[in-house]
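Following: one structure in structure tokens, then a few remarks.
Quick note: the coordinates plus some simple rules give every number you see, no bench work behind them. As the structure is a prediction and not an experimental result, all values here were calculated from the model. Heads up, the Cβs are rebuilt from the backbone with ideal geometry, glycines too, and the neighbour counts pull from every protein chain shown.
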Amino acid sequence: MNISLLLEMAAEAGADRIALVCDGKRWTYGDLLAAARGAFELIQECNAEYVALLDESSEAAVIGLFGAALAGVPYCPLNYRLADEDLAALLGRIAPALVVGDEERVARIAGDQGHTVLSREDFALKAQGTVPADDSREYDPGEGVAVQLFTSGTTAAPKAAILRHSNLLGYILGSVEFASAGESDAALVVVPPYHIAGISALMSSIYAGRRIVMLPSFSPKGWLNLVEQEAVTNAFVVPTMLGRIIDAFDKAPETNVSSLRAIAYGGGKMPLEVITKALDRFPGAGFTNAYGLTETSSTIALLGPEDHRAALESDNPKVRARLTSLGQPLPTVEIEIRDEDGNILGPNEAGEIYVRGDQVSGEYKGKSALVEGGWFPTRDAGFIDEDGYLFLSGRADDVIVRGGENMSPGEIEDVLLTHPAIADACACAVPSVEWGEAVGVALVLREDHAIPREAELRELVRARLRSSRVPEKIVFVKELPYNEMGKLLRREVKKIIS
Amino acid sequence: MKPGTRLKSAICDTEVMVIKSADGTIECGGAPMGEAKPAEAGAMSADHANGTLMGKRYVDSDGKYELLCVKPGKGSLSVDGVALSVKDAKPLPASD
């Protein structure tokens, strides 16, 4: 079954309903389906083996995703923030493609790769104007790859993560009820189109019948204004965005955001301080923490609105701690914690998070990362408490190993963040002759505070954790490096500290 | 029947996608559904004429069958003559 089914069903149920609002233009489900069918014709004409998007979010992302699906070629949105050299390499790996977006740039860096390039406007216009000859088109049955996303490489080249129609449908059909959105519901999509959340947001909203309101480029004021303008009810943000939105809202509290009913977040660690403020500033909204990866078609576990409020209102420290958890696995997946030898661990024992289910791909072009039984190792360290709540304890690679003892940076950072003068903290391994590795921390000083003495910071960690966690090296930096998704770039911090 | 298979009613417009199934005969309007639509529509059984709604999932009481309606129609779904019922939707909060 093809993911185009999602758009076909939405168009059948309400062809004239508004599906998408972008830069003031409104598209109905009927418009989008017709354009996707037109895009199918364009793809066939130019013999493209991929459809790539090199652009911010727009209707082209939807038309490209579903047009590619009908044509049976992978949709491969690219990160336009990459340097020319890196982008050219990725374009080379998907040639020949129908590339929608930055024509000038593609011509300049990959002009000899055989791509067909169209601007966003031309693509949409041509797709709308290309009416299929008759009803006899053979659309792809959907047994292959629907989406290909290049994951950010570490030292090696980016890996091409593959999501099949069956994975994406498994996720959407397993987590969304058809046409379940209210008539006036609207979802603000601001996550980049080349991130899995940006793609699953489109599919979820279309299948639920929830109008998509696109914000191609994030700014906190732009976000607040769009919420007010379009009476947005649903939103997905990354944690750093939420922090900035709250700051902007505090400066403009007259902005009417009363329409907001559901705010979901994910993609990085949510600081306790930010979610607590958010629950206070948006009392009418339900908050959902979504944990997922590209390789799992996005969400595999979530902490819903009731859990958020219960944690906030509870006196029980165990319940309160759930505010920092990832919640519980989706009913359609299984999650296990395993140690380095693959043994399944019990409650509160930390190890690596493994997941299995229809929506889990774990497949890359050329190889699969799945282990026996169809389980995917996430490379994330975590544990499940005795009530089934999943907690993250950092990427497996971020663990500091000091004298044979494994330490998670998160617990050290959380302690340092309780100091009033510390605004941000990152702990990582620094080389140590004595221990192999020891703890180093990079700290950001809070405005209008004096730099605390190192001895004070060390004592804070020693008292709350134990002496092995005490940082041997402490450096103060102006700010910590984050990528555009709000993910802390620990490798970069490691370089700064060393 | 492979999950993802699309079945069409021989009697009406109903089409379903198989999410889960076992060895019985999946029917709509009383007649077996197939991957192809027959040239002529058959007669609707009065016992299975309650309609099938788009986007709803239909299940048996043993949890062996689950069908997603992808095109609505006048007939209603059954397996080996026993009517299926609409699955209780426990919606998850939106997470993306």
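Helix A:196-208 and the long axis of chain A differ in direction by around 60°, with both axes built from C-alpha atoms.
Using 0.36 nm per residue and subtracting the Cα-Cα separation, the extra length available between residue A:344 and residue A:83 on full extension is 89.8 nm. Taking Cα centre as origin and charging only the Cβ of basic (Lys, Arg, +1) and acidic (Asp, Glu, -1) residues, the dipole magnitude of the stretch A:152-280 rounds to 500 debye. Short-range pairs are left out: with C-alpha atoms under 8 Å and at least six residues apart, the relative contact order of the stretch A:340-480 is 16 percent.
With each label modelled as a point 7 angstrom along the Cα→C-beta vector, the residue A:477-residue B:25 pair spans 6.9 nm. Taking label positions 7 Å along the Cα-Cβ direction at both residue A:446 and residue B:53, the computed distance is 5.2 nm, reported to one decimal. Calculated translational diffusion coefficient of the stretch A:297-372 (4 °C, 1.567 mPa s; Stokes-Einstein with Kirkwood radius over alpha-carbon pairs) equals 90 µm²/s. Simple rule: put +1 on each Lys or Arg Cβ and -1 on each Asp or Glu Cβ in the stretch A:434-498, find the dipole, and look at A:482, A:457, A:467; the Cα lying farthest toward the positive end is A:467. In a simple Cβ point-charge model (Lys, Arg +1; Asp, Glu -1; nothing else charged), the stretch A:399-497 has a dipole of about 220 debye relative to its Cα centre.
Per residue, how much space in cubic angstrom lies within the convex hull of the C-alpha atoms of the stretch A:217-289?
Details: hull volume 5.7 nm³, N = 73.
Spread over its residues, the Cα hull of the stretch A:217-289 gives 78 Å³ apiece.
Adding -39500 (n - 2.57) for every DSSP H run of four residues or longer, then dividing by how many residues chain A holds, sets the calculated 222 nm ellipticity at -10000 deg cm²/dmol.
Applying both filters, DSSP loop and at most 10 other Cβ atoms within 10 Å, to the GluC sites (Glu not before Pro) of the stretch A:187-264 gives A:254.
Exposure proxy shown here: for A:211, A:26, the number of other Cβ atoms within 10 Å sets the order, fewest to most, as A:26, A:211. Across the stretch A:4-217, counting alpha-carbon atoms alone, Rg and Dmax equal 16.2, 50 Å. Mind giving me the FRET efficiency for residue A:138 and residue B:85? R0 is 56 Å, r the Cβ-Cβ distance, nearest 0.05 is fine. Using R0 = 56 Å, I get an efficiency of 0.95.
Looking at the stretch A:104-168, the trypsin sites (Lys or Arg not before Pro) that sit in a DSSP loop and have at most 14 other Cβ atoms within 10 Å of their own Cβ are A:137. Cβ crowding within 10 Å ranks A:376, A:476, A:236 as A:476, A:376, A:236, fewest other Cβ atoms first. Neighbours of residue A:99, meaning other residues whose beta-carbon lies under 10 angstrom from its beta-carbon, give a summed charge of -2 when Lys and Arg score +1 and Asp and Glu score -1. Across the alpha-carbon set of the stretch A:350-498, the Rg to Rh ratio works out to 1.03, Rh being the Kirkwood radius. Checking every one of the GluC sites (Glu not before Pro) in the stretch B:2-96 against DSSP loop status and a limit of 15 other Cβ atoms within 10 Å picks out B:35, B:40. Taking a straight line from the alpha carbon of residue A:126, these lysines sit under 30 Å away, with near neighbours fewer than eight places off in the same chain left out: A:25, B:71. Starting from a Cα-only point model with no solvent, please compute log10 I(q)/I(0) by Debye for chain A at q = 0.07 1/Å. Here the Debye-derived log intensity ratios amount to -0.39. Across the alpha-carbon atoms of the stretch A:230-360, the computed radius of gyration and Dmax are 16.5, 56 angstrom.
Taking all Cα pairs closer than 8 Å and separated by 6 or more residues, the relative contact order of the stretch A:4-217 comes to 24 percent.
Note on chain B: with a GNM built from Cα contacts shorter than 10 Å, the maximum mean-square fluctuation among B:59, B:16, B:82 falls on B:82. For the protein assembly as shown, a simple Cβ point-charge model (Lys and Arg +1, Asp and Glu -1, everything else neutral) yields a dipole of about 660 debye relative to the Cα centre.
With r as the distance between the Cβ atoms of residue A:372 and residue A:26 and R0 = 51 Å, compute the FRET efficiency 1/(1 + (r/R0)^6) and round to 0.05. Efficiency, rounded to the nearest 0.05: 0.55. Over the stretch B:6-86, the fraction of Cα-Cα pairs per 5 Å bin, rounded to whole percents and listed from the shortest bin up, is 3, 19, 32, 28, 14, 2, 0.
Simple spin-label estimate for residue A:104 and residue B:5 gives 5.5 nm between the two label positions (7 Å along the Cα-to-Cβ direction from each Cα).
Multiplying the sequence separation of residue A:46 and residue A:281 by 0.36 nm and subtracting their Cα-Cα distance, what value in nm do you get? Could the numbers behind the result be given before it?
On the way: separation 235, 0.36 × 235 = 84.60 nm, distance 5.08 nm.
Contour length minus the Cα-Cα distance gives 79.5 nm.
Which of the residue pairs A:277/A:487; A:367/A:478; A:159/A:495 have a Cα-Cα distance greater than 31 Å in the structure shown? Numbers along the way, then the final one.
On the way: A:277/A:487 20 Å; A:367/A:478 41 Å; A:159/A:495 23 Å.
Over 31 Å apart, Cα to Cα: A:367/A:478.
Based on other C-beta atoms within 10 Å, arrange A:428, B:12, B:28 from fewest to most. Could the numbers behind the result be given before it?
Numbers: A:428 25, B:12 22, B:28 31.
Fewest-to-most Cβ neighbours within 10 Å comes out as B:12, A:428, B:28.
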